[in-house]
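A short write-up of the structure that comes next.
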Amino acid sequence: MNLEVTKNWTFLVTVERLILDIFFNGGVLTNQSIKTAVAAVAITMSSSLMAFENQMENAIKWLSQNISAHGTVPGTVLASPSRESPNYYYHWVRDAGLVMSTWLDVRNGDVNQSVRDRIDQNIEDYWRLTLRHQTQNLPAGLGEVKFEVNGDVYRGPWGRPQNDGPAIRALSLMKWRDNLLFRGSPLAENPELYASSLPANSAIKRDLEYVAHLFYKTEPNGKGRLLEIWERPGDFDVWEEVRGHHFFTELFQMYALRKGAELSESVGDHAQDFYNMVADKIESELNYHWDDNRGFIESTIYRDDGIDYKSGLDSAVIIAVLETQPYAYLGKGSWTVLDPRVQATAERLESAFKKLYPINQRLGAFRAALIGRYPEDTYDGVRTGSRGNPWFLCSHYMAEFYYQLTNELNTRGELQITAASRQFWNRFLPSDTLKLSSQDPQWKPLLKQLVFHGDSILNHLNQHVGPFGNMSEQIDRDTGNTGANQGGAQDLSWSYSSYIRAAQARSKVHNQ
Ligand code: NOJ
Ligand code: NOJ
């Protein structure tokens, strides 16, 4: 943060206390147009104050230190440099795949050739390291969770398999491959990246085959069939705690197979029908996760092991929706930010965490609630059985949700409100609104409010970022402290990549 920003910030906090609490909490400013005017001023102030540029530079800088770090095999993405309490000094398949997908966006958004060269090298190394990871003797097959920094699999006890990993990794490598093709790079055609041969001998195809065969069984008579959900063993969730069938995991799997089908068709290897058949199955089963009575998407169904005290309301749902949004054109239109079920889940999460965390009791106009993994969480960043906290990454994704929603509404030019999404929209519109189109006078103010809400989450987080832009995993729910011993793993790669995503989505709003 530069000095000017800091000064402005102090000023802002004062103004906020003096006037703007009225905006959300008081009863004085009830007229919609005054509210809108205040929101417009607030947006202008807050966006300049957030110093996106500055924070973006920091996030990129700190993230780059975790990629191919000194003492690790090139291509290794450290979850965090923290080696004890907690020890996150590993390459997690999930974290690495998500981070590398963002890293490619950073590359493409940067005009500096040396930055581009460095990132190109990082991603190429990540792919070569993936080949090494995949071809070892793995205790849980390709659902193996994490690797040592020398490239060997981690063999200690862990919640395995975690089958989101291979789907995320395949999506990340397919995105890179598309980009290589677009740039005319010969690497795109490298047979170790994608080749039709079976048994699979390329990074992408190995993961696709693994994912597809979790849902498909070949009988002794040689005929194959799709397995029903109760016939398939569960696996561990994104938070590594519950074994069952997870919305997060399945959404990534469905889109990995859809994208794989598109790729397969483009190279003429005839796997597309198989991949699409399995994807159809997953897509229809995803509906089992919608709980109409409770009004949110239930994270895990058919739980068969691991912790048993979760309500099923979980940020993982929102994260998966946002991360797979670029592939939505390959699906049937469900599970996007425009899906009322997704909106309902976002609202339920926000209101649950708002009540739960003391730090969310002192909000004011410029701060919206910080978000954790799920309300019943007891993991404090070092041990389970303690108290869960807000997470940087969960809060970043919630902010991104509002930016992506704004962008999608802008494109669509129309909003439909259903019984499921009623509570979500009641916060922004009169409660009898059923439909709104871009011609309506309420349309622009609505979009402004959505952006403002996203900004309010980032503003709140901004107060807990370290003086040099550092982000750990968590933020203490009472004190707001982060950093060593208070916020779990320091410099968590995923905290930075989720920040970069939110800021990128925010800048797309600007450009409209
Ligand atoms: C328990 C946490 O809840 C989980 O997310 C984490 O991965 C493991 N402990 C290991 O740190
Ligand atoms: C714990 C998180 O729950 C999990 O999602 C993540 O993969 C690891 N930490 C590593 O960051």
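Structure values in brief
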item	result
Contact order relative to length of segment 243-305, as percent, for alpha carbon pairs under 8 angstrom and 6 or more apart	47
Taking segment 179-228 and dividing mean pair separation by its residue count, relative contact order in percent (alpha carbons under 8 Å, at least six apart)	18
DSSP-loop trypsin sites (Lys or Arg not before Pro) across segment 96-197, with at most 13 other Cβ within 10 angstrom	155, 183
Gain in span if fully extended, residue 387 to residue 432, counting 0.36 nm per residue against the direct Cα distance	12.3 nm
Within the chain: Cβ-based charge dipole about Cα centre, in debye rounded to nearest 20 (Lys, Arg +1; Asp, Glu -1)	860
Cα gyration tensor shape for segment 330-394, rounded if a/c is under 1.5, else prolate or oblate	oblate
Flagged links, alpha-carbon separation over 19 Å, of 175/205; 259/332; 354/444; 332/435; 205/332; 259/508	354/444; 332/435; 205/332; 259/508
Helix-only mean residue ellipticity at 222 nm for the chain, each DSSP H run of n ≥ 4 adding -39500 (n - 2.57), per residue, nearest 500	-15500 deg cm²/dmol
The chain, relative contact order in percent, only Cα pairs under 8 angstrom and at least six apart counted	16
Isotropic mean projected area of the C-alpha convex hull, segment 151-206 (nm²)	4.9
Global form of segment 215-269, assessed from the alpha-carbon gyration tensor, a/c cut-off 1.5	oblate
Cα gyration tensor, segment 165-250 - rounded (a/c under 1.5), prolate or oblate	oblate
Inter-centroid distance (Cα atoms) of segment 326-380 relative to segment 229-307, Å	21
Label-to-label distance, nm, for residues given as residue 118 and residue 408 (7 Å Cα→Cβ offset)	3.5
For the chain: span of alpha carbons on each principal axis (Å, largest first)	74, 49, 49
Segment 354-386 residues near the modelled residue 85 label - backbone nitrogen below 15 Å, point 7 Å along Cα→Cβ	380-384
Excluding exposed DSSP-loop GluC sites (Glu not before Pro) (at most 12 other C-beta within 10 Å), longest clean stretch of the chain	229-512
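Bear in mind that the values in this text are calculations on the coordinates, not laboratory data. For clarity, every value in this text was computed on a predicted model and none was experimentally measured. FYI the Cβ positions are ideal-geometry reconstructions off the backbone, even for glycines, and counts take in every protein chain you see.
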